[in-house]
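Scroll down for the structure; my scribbles are underneath it.
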């Protein structure tokens, strides 16, 4: 009996202790919230555990309608720019308020981390700028930033042979072709050449009869450390690994459930491929040899700053992942919209021909380069508008690493600050921000590049390349690459028409924003 009472007393003591700790935490949170004048944001509702919300979101994702569902939450369900919701037991925030996004990405940058991204992406990406927080991220950015100076990203000469490979695959008789599939291959080819000095040439794999138009073919062969079969294996493996990463991040804290054998094998193939280039670059650097005299190679420059093979591999893969799909989707949505807006197509093509003529290096016209592409005003307006309607990264999230406050979203009118507990997630969607009629006008859902000529300046309302300390290092490289491809294709094709009759694109909004079914168009060459 005495032992029984001792056990009961011990259990009661433990319960009382845990309740007192929770009470202390609760009271501390209340004091923090009160001291900052916070008020609750509206709640989406649903069941207390958030199972209904989870099932609703899962159904939407299965139908590739998750961005539309999220848009409806803001416009039809809550009528607020910030709301609370529950998903499988956890409370989180969703916001499309530019001031809150500014706080998350800039003014309160130190209060937020990437959360699970590192662990979910580690099997492929390791420790790199895209996955790390705090000191690891700061070190990565300091290491990589010098490689994205204007001099490095302004060289477009290396793109031309990949453009030629692309053109060889485009029927000139109006036959429908999926440009999105080809753009993904193009950007992989261009990115691997920029990073490794040797392209995987996935476009040439589609049509092996294509000859390499590069005048420095012999110099290129000196860089080719991997066979054509090895490059094809890498391209396939990288696609599989990247698709699996998107699924892992959707599963959030259960990311570890998505770890199929094919994913593990693909990661090994990708790592082996990159390691071969890293080893060669380190060996050349050790011997005092390099190839930088003929053109810039990201890896060879990076070896001058670090000789750690894993650091080199991880950073290369982080840049490849972050840059390859974003530029491919920008190009894909550009041609999707141009095919459906002949007025814009004609105006853009006229502007490009006025500056550059109908052929590459046309006599009496400007050379196509970083400066001239940037100075082509209407091209800039078109790219801005494409990125507004279809931002490459449509949504993102951060996790509070301490108790903090968002500047707006609380109270009946949504203007009071909001308390955010340590460990809470905040999702933000630039896709929806970019379509807010109160910010971009009643025609915010329409493709109208001229809005960028009307004198209105947008700051945190327009974030195609993120913002704050984590703003995209490669944005100028991406815009230059996209501008070059658009210019070269419009020099050759004067007619671009939709290859389908869809009224509304089916969007796949995971890591990047792509078209579920591809971008099918027909092109006809100029006469």
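The values are calculated or read from the model by the stated rules, or taken from the named source; none is laboratory data. Since we're looking at a predicted model, the values are computed, not measured. In this analysis, Cβ positions are derived from the backbone assuming ideal geometry, glycine residues included, and neighbour counts consider all displayed protein chains.
Before moving on, here are some points about what is shown:
- Checking the stated criteria, residue 515 turns out not to satisfy the condition of being in contact with a strand residue (DSSP E or B) (Cβ under 6 Å, 6 or more places away or on another chain), in contact (Cβ under 8 Å) with a residue 40 or more places away in the chain and buried (at least 18 other Cβ atoms within 10 Å of the Cβ).
- Top-ranked residue in region 237-257 [being over 20 Å from residue 318 (Cβ atoms) and at pLDDT 90 or above; ranked as surrounded by the fewest Cβ atoms within 10 Å (Cβ to Cβ)]: 257
- Of the residues making up region 417-427, those that are more than 24 Å from the chain's Cα centre (by Cα) and surrounded by 19 or more Cβ atoms within 10 Å (Cβ to Cβ) are 417, 418, 419, 420.
- Failed item, numbered, when residue 355 is tested on (1) at positive phi; (2) part of a helix (DSSP H, G or I): (1)
- Residue within region 473-488 that is surrounded by 22 or more Cβ atoms within 10 Å (Cβ to Cβ), closer than 20 Å to residue 366 by Cβ and touching a strand residue (DSSP E or B) at 6+ places or on another chain (Cβ under 9 Å) present: no
- Residue identified as in a helix (DSSP H, G or I), surrounded by fewer than 20 Cβ atoms within 10 Å (Cβ to Cβ) and at pLDDT below 90 among 33, 60: 60
- Scanning region 428-438 for residues that are under 23 Å from the mean Cα position of the chain (by Cα) and in a helix (DSSP H, G or I) turns up 430, 431, 432, 433.
- Considering the conditions (1) farther than 17 Å from residue 479 by Cβ; (2) surrounded by fewer than 16 Cβ atoms within 10 Å (Cβ to Cβ); (3) touching a residue at least 12 places away in the same chain (Cβ under 8 Å), residue 377 is excluded by exactly one of them, (1).
- Criterion violated by residue 404 - all others in (1) in contact with a strand residue (DSSP E or B) (Cβ under 8 Å, 6 or more places away or on another chain); (2) surrounded by 21 or more Cβ atoms within 10 Å (Cβ to Cβ); (3) under 22 Å from residue 329 (Cβ atoms) satisfied: (3)
- Elements of the type helices (runs of 4 or more DSSP H) sitting completely within region 175-221 and holding at least 3 residues that are at pLDDT 90 or above: these cover 179-196.
- Verdict on residue 457 being more than 16 Å from the chain's Cα centre (by Cα), over 13 Å from residue 385 (Cα atoms), without any contact (Cβ under 8 Å) to a residue 12 or more places away in the chain and part of a loop (DSSP other than H, G, I, E, B): yes
- Among the criteria (1) within 19 Å of residue 155 (Cα to Cα); (2) assigned to a helix (DSSP H, G or I), the one residue 368 does not fulfil is (2).
- Selected residue (criterion: surrounded by the fewest Cβ atoms within 10 Å (Cβ to Cβ)) from residues of region 116-138 that are within 15 Å of residue 259 (Cβ to Cβ) and in contact with a helix residue (DSSP H, G or I) (Cβ under 9 Å, 6 or more places away or on another chain): 119
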